[in-house]
Amino acid sequence: MNTPQPSVILEEVKNLVTYSCNGSHEKGSPFTSLHKGLIKLYFEARNVEIDYQKQVVHMEIPVTANQYTSVSFECQDLERFLRSCVRSDKKSLLYYQNVLSYYSLLKVA
């Protein structure tokens, strides 16, 4: 089995983000973990929460190796923000491959 090109993986993840943002965002949605995961990976954050109604993101981001600070901000366009969190480094690409596999299995189930 061939490994997809990085550009294909990135495009598929961005498409998944678009798809996931065009549905309902009720608590327990399978896409909530996708959104939080993208933010955690991009910002090296923890305790990420998203208020979909107000489009506000709350998280803790590192300021030193062992210290975190809480930040909250409003997203005028949550989908655009999440798509901007998609990076092309090796660690991210491996994570995205797993994400794509998980969500393709979820669609089949």
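The values are calculated or read from the model by the stated rules, or taken from the named source; none is laboratory data. As the structure is a computational prediction, the values presented were derived from the model and not from experiment. Using ideal geometry, Cβ is built from the backbone for each residue, glycine included, and neighbour counts are taken over all protein chains shown.
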Inset, instruction - Give the stretch 32-66 a look and list any residue that's assigned to a helix (DSSP H, G or I) and either of a type in the set (A, V, I, L, M, F, W, C) or within 16 Å of Q76 (Cα to Cα) (or both), or say none. - result: L34, H35, L38, I39, L41, F43
Legend entry - Count - residues of the stretch 59-88 that are more than 21 Å from T18 (Cα to Cα) and not small (G, A, S): 11
Legend entry - Selection count where residues are hydroxyl-bearing (S, T, Y) and modelled with pLDDT under 95, scope the stretch 89-109: 4
Legend entry - Where a residue in the stretch 63-74 is without any contact (Cβ under 8 Å) to a residue 24 or more places away in the chain and its partner, wherever it lies, is part of a loop (DSSP other than H, G, I, E, B) and loosely packed, with under 10 Cβ neighbours inside 10 Å, with Cβ under 6 Å and at least six apart: T69/V63
